[in-house]
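Presented below is the structure to which this report refers.
The values are calculated or read from the model by the stated rules, or taken from the named source; none is laboratory data. Since we're looking at a predicted model, the values are computed, not measured. Neighbour counts run over all protein chains shown; Cβ positions are idealised from the backbone, glycine included.
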């Protein structure tokens, strides 16, 4: 069974600074995908970034990048030049390429951005 | 960008009542899902639906739950006899192919009194 662990219930960052959110996962599958979702106070789920496990190159989307360490089963999210609008809950999630389709989520990290 | 639409945004019901949550997935998507999130907790998978049948369901998705795609555009989640613990945000999601980007709707907040 897949598990996703986010060990930081809350994080804070100063506006314009960089913050890293941690995520570890466990799976017996060799092919899987990893995601970071943002959930603002509106509670909508917004995909921030996605990483295919077979790709060694870390995914990047503008100010968001990941540090994917496959051997360590670690998938952290780095937010550069933090903005007030980045304040939200961030959920790490994984899904296997075959077999189960379900997305397994971590418990989330609440990010506060201080002006 | 195309959107998954969910209605209503808020639903209040009495315990024991039936409730139907509605979703309009993106038009060319083939895979449909329901997830739920109890306040303050993580998002949990309920059910996946493909080719007009359930392809996978979680242990949460018991006999009180059912899903339907009645007319080729809507995708509904029915809870036959709601319980207090069914109070949660329910998210519909869809995607065109497996392992492609999953699009979430904005959710329906269900409150069971």
> Taking strands (runs of 3 or more DSSP E) that do not extend beyond region A:3-115, which have at least 3 residues that are within 15 Å of residue B:42 (Cβ to Cβ)?
Replying inline: A:3-5, A:32-39, A:88-96
>> Checking the conditions here, which among B:73, B:81 is exposed (fewer than 14 other Cβ atoms within 10 Å of the Cβ), within 30 Å of residue B:1 (Cα to Cα) and more than 14 Å from chain A (Cβ to nearest Cβ)?
In response: B:73
>> Looking at residue A:99 and the list (1) in contact with a strand residue (DSSP E or B) (Cβ under 7 Å, 6 or more places away or on another chain); (2) surrounded by fewer than 20 Cβ atoms within 10 Å (Cβ to Cβ); (3) within 14 Å of another protein chain (Cβ to nearest Cβ), which single condition is not satisfied?
In response: (1)
> Do you know which residues across region B:62-88 are more than 12 Å from residue B:20 (Cβ to Cβ), modelled with pLDDT of 95 or more and under 12 Å from the mean Cα position of the chain (by Cα)?
Replying inline: B:88
> What is the one condition in (1) in contact with a strand residue (DSSP E or B) (Cβ under 8 Å, 6 or more places away or on another chain); (2) away from every other protein chain (no Cβ under 14 Å); (3) more than 30 Å from residue B:108 (Cα to Cα) that residue A:31 does not satisfy?
Replying inline: (2)
> In region B:19-41, how many residues are crowded, with 16+ Cβ neighbours inside 10 Å, within 13 Å of chain A (Cβ to nearest Cβ) and farther than 13 Å from residue B:92 by Cα?
Replying inline: 0
>> Given the criteria modelled with pLDDT of 95 or more, at negative phi and surrounded by fewer than 13 Cβ atoms within 10 Å (Cβ to Cβ), does residue A:85 qualify?
In response: yes
> Does residue A:44 meet the test of being modelled with pLDDT under 95 and closer than 24 Å to residue B:3 by Cα?
Replying inline: yes
> Can you tell me how many residues in region A:64-89 are under 24 Å from residue A:17 (Cβ atoms) and touching a strand residue (DSSP E or B) at 6+ places or on another chain (Cβ under 6 Å)?
Replying inline: 17
